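Following: one structure in structure tokens, then a few remarks.
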């Protein structure tokens, strides 16, 4: 099944931000916006909610802390207790460095793996990009076209009047 | 729009547009390897060959190939290990701590600095692994169930903490670096013409499209990773210093070690970043992105950390005298006036005196002077570790066991070899990866380039000629 999109191409981030606001105010649903770099303030105008990845990082870190403490206490305190340097079997201060490192390791990897999964980032040889210039110097606003419902001319005018330097159509096989 | 003071120097010069940034950074990735690069790689490969040969000798004949003796059981191996780990501190410091402090000048240097970090840590890891004598049993340092009845690793030992610290540091730095590379790989992918490069960079880019949602998450991930990596950077050299500080050897057993080692690590790391960046910006014509402003900022970090290191040297000496401990006092007098006096004074000259020249603005902004001084710093920091390790060990409590250390050709071979390994990796990186973070530089372009932008109305990049030189 193919889907049809109208792409508004912009070349300035501030023009783009204004255009997003106006297009949304005109009642048009924006499918996605592509940019070569992160634009500050785009989350608000597009209505993107704050990412919950920090929460993932926190709980992964918490798991790392608990796992590291449990591992060291169980191994040296219960499974095979030994007196090392006259210290107690469970010498907590000496366990802190490894606990810290495993906390950071689990938090970082847990968060990054989650990021890859939710953003659907995975190695593949073929990538479908709406407009190749969006990773170089152009900002692309993609609007999905519903056949027979969307007024193409009105959409074209709306995008152009809001500073689009080009308006293209693109069909994508889903 | 963010407000940037008009008296601040622009971070990107030359009136660049977004497309210019892409062109300038992708140029050397897409061009055929040039002769200078190939020549440099050939030299680095000779170094790598020396490394492989020395490693083969070490593994085949054993640690007896090194100059170690019963008194000096740690020498060049640990010196080189600490030296490389120290160098590996600048990259993550630049990308993590400077991100948290919102220092925008980091954007054009963080990519290469992080790459340098990763390669330096790889070089560092060679030394403890080779010193094990039987590297194929290296997994014994991990807490794995084993055939001796579960005899676990000793979690009280700083050497074990090192295993966790270095491997965590390496893997988190690698992930941080790679996350930053993904959008830039996508840029190269979308420009690529050849079938191999298109597929290779598509694979590396993880299917990145640059959607607003992905960027939003990307920014969150970068920020949290920076927050996690910041204490991590500080923890690594702290733990390395504890390898020494927790043992009861005069000259090692001091509480000043963790902050002193961390400052020294940042000091040497920035010196190495500057050494490499001064060459890279010239060879790849990136003068508009890595400007004198960047060099000066890094030189300021060098003078700060260099002065901390200088104060630490003097404090150590004072505390040795003030402690009233005979052995401690002797260890320090012996450092400065004993048979290794030349190493001590080389360290003092290179680390304490030369960086003080950066108080002069003209020297801070001179590329030649900076290049020479950073080489001095690198040499000085190597001598610092040599002084700490060898002079503390070679004359211990019993004069009957006093000895001298001299390196064998294999010791030298492994050290020179890791430099070859480092430059091989760095040169491959510089050829096939984008050396400047394009996405981040584009993100700061509007607020800190020479081109003046009107927030509304004009199109970026179409009117640059009429608006240049707003910073006279």
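Within the set A:140, A:112, the sole residue that is free of Cβ contacts under 8 Å to residues at least 12 places away in the same chain and in contact with a helix residue (DSSP H, G or I) (Cβ under 7 Å, 6 or more places away or on another chain) turns out to be A:112.
Criterion first (outside any helix (DSSP H, G or I), assigned by TED's automatic domain parsing to the domain that holds residue A:26 and surrounded by fewer than 20 Cβ atoms within 10 Å (Cβ to Cβ)) does residue A:40 satisfy it? Yes, satisfied. Checking A:106, A:60 one by one, the residue that is out of contact with any strand residue (DSSP E or B) (no Cβ under 6 Å at 6 or more places or on another chain), facing chain B (nearest Cβ under 10 Å), over 19 Å from residue B:156 (Cβ atoms) and without any contact (Cβ under 8 Å) to a residue 60 or more places away in the chain is A:106 and no other. When restricted to residues that are at positive phi and within 9 Å of chain B (Cβ to nearest Cβ), region A:63-103 contains 1.
Quick test for you: out of B:320, B:271, B:263, pick the one residue that is part of a helix (DSSP H, G or I) and either in contact with a strand residue (DSSP E or B) (Cβ under 8 Å, 6 or more places away or on another chain) or buried (at least 23 other Cβ atoms within 10 Å of the Cβ) (or both). Sole residue among the options that is part of a helix (DSSP H, G or I) and either in contact with a strand residue (DSSP E or B) (Cβ under 8 Å, 6 or more places away or on another chain) or buried (at least 23 other Cβ atoms within 10 Å of the Cβ) (or both): B:271.
Please verify whether residue A:118 is at the interface with chain B (Cβ under 8 Å from one of its Cβ atoms), crowded, with 17+ Cβ neighbours inside 10 Å and over 30 Å from residue B:242 (Cα atoms), treating the condition exactly as stated. For residue A:118, the condition - at the interface with chain B (Cβ under 8 Å from one of its Cβ atoms), crowded, with 17+ Cβ neighbours inside 10 Å and over 30 Å from residue B:242 (Cα atoms) - is not met. Residue B:382: without any contact (Cβ under 8 Å) to a residue 24 or more places away in the chain, touching a helix residue (DSSP H, G or I) at 6+ places or on another chain (Cβ under 9 Å) and more than 17 Å from residue B:307 (Cβ to Cβ), yes or no? No, not satisfied. Return yes when residue B:384 is buried (at least 18 other Cβ atoms within 10 Å of the Cβ), within 14 Å of chain A (Cβ to nearest Cβ), within 22 Å of the chain's Cα centre (by Cα) and not in a loop (DSSP other than H, G, I, E, B) and no when it is not. So residue B:384 does not fit the description; no. A count restricted to region A:47-91 and to residues that are touching a helix residue (DSSP H, G or I) at 6+ places or on another chain (Cβ under 6 Å) and in a helix (DSSP H, G or I) stands at 12.
Farther than 15 Å from residue B:392 by Cβ, crowded, with 18+ Cβ neighbours inside 10 Å and touching a residue at least 24 places away in the same chain (Cβ under 8 Å) - does that describe any residue in region B:337-346? Checked region B:337-346: at least one residue is farther than 15 Å from residue B:392 by Cβ, crowded, with 18+ Cβ neighbours inside 10 Å and touching a residue at least 24 places away in the same chain (Cβ under 8 Å).
Taking region A:17-41 as the range and being within 17 Å of residue B:444 (Cβ to Cβ) and touching a strand residue (DSSP E or B) at 6+ places or on another chain (Cβ under 7 Å) as the test, only A:35 passes. Note on region B:229-239: among residues that are surrounded by fewer than 21 Cβ atoms within 10 Å (Cβ to Cβ) and in contact with a helix residue (DSSP H, G or I) (Cβ under 6 Å, 6 or more places away or on another chain), the one that is farthest from residue A:133 (Cα to Cα) is B:234. Does residue B:110 satisfy the criteria of being within 28 Å of residue B:184 (Cα to Cα) and touching a helix residue (DSSP H, G or I) at 6+ places or on another chain (Cβ under 9 Å)? Yes. Screening region A:125-143 for residues that are more than 18 Å from the chain's Cα centre (by Cα) and facing chain B (nearest Cβ under 7 Å) and picking the one that is surrounded by the fewest Cβ atoms within 10 Å (Cβ to Cβ) gives A:126. If you go through region B:113-130 and keep only what is touching a helix residue (DSSP H, G or I) at 6+ places or on another chain (Cβ under 6 Å) and surrounded by fewer than 18 Cβ atoms within 10 Å (Cβ to Cβ), you end up with just B:129. Filtering region B:135-168 to residues that are more than 9 Å from chain A (Cβ to nearest Cβ), under 22 Å from residue B:85 (Cα atoms) and not in a helix (DSSP H, G or I) leaves only B:142.
The condition of being within 14 Å of chain A (Cβ to nearest Cβ), farther than 30 Å from residue A:30 by Cα, touching a residue at least 24 places away in the same chain (Cβ under 8 Å) and within 15 Å of the chain's Cα centre (by Cα) holds for only one of B:263, B:229, B:271, that being B:229.
Residues that are more than 26 Å from residue B:374 (Cβ to Cβ) and over 13 Å from the mean Cα position of the chain (by Cα) number at least 1 in the following helices (runs of 4 or more DSSP H) confined to region B:6-122: B:18-30, B:35-61.
Say whether the condition of being at positive phi, outside the structural domain of residue A:164 (by TED's automatic domain parsing) and free of Cβ contacts under 8 Å to residues at least 60 places away in the same chain is met by at least one residue in region A:6-28. There is no residue in region A:6-28 that is at positive phi, outside the structural domain of residue A:164 (by TED's automatic domain parsing) and free of Cβ contacts under 8 Å to residues at least 60 places away in the same chain. Residues in region B:18-58 that are without any contact (Cβ under 8 Å) to a residue 12 or more places away in the chain and away from chain A (no Cβ under 14 Å): B:31, B:32, B:34, B:35, B:38, B:39, B:42, B:56. Taking the listed residues B:176, B:206, the one that is in contact (Cβ under 8 Å) with a residue 12 or more places away in the chain, assigned to a helix (DSSP H, G or I) and either on the phi > 0 side of the Ramachandran plot or under 20 Å from the mean Cα position of the chain (by Cα) (or both) is B:176, with no other qualifying.
The values are calculated or read from the model by the stated rules, or taken from the named source; none is laboratory data. Note that this is a predicted model, so its numbers are computed, not measured. FYI the Cβ positions are ideal-geometry reconstructions off the backbone, even for glycines, and counts take in every protein chain you see.
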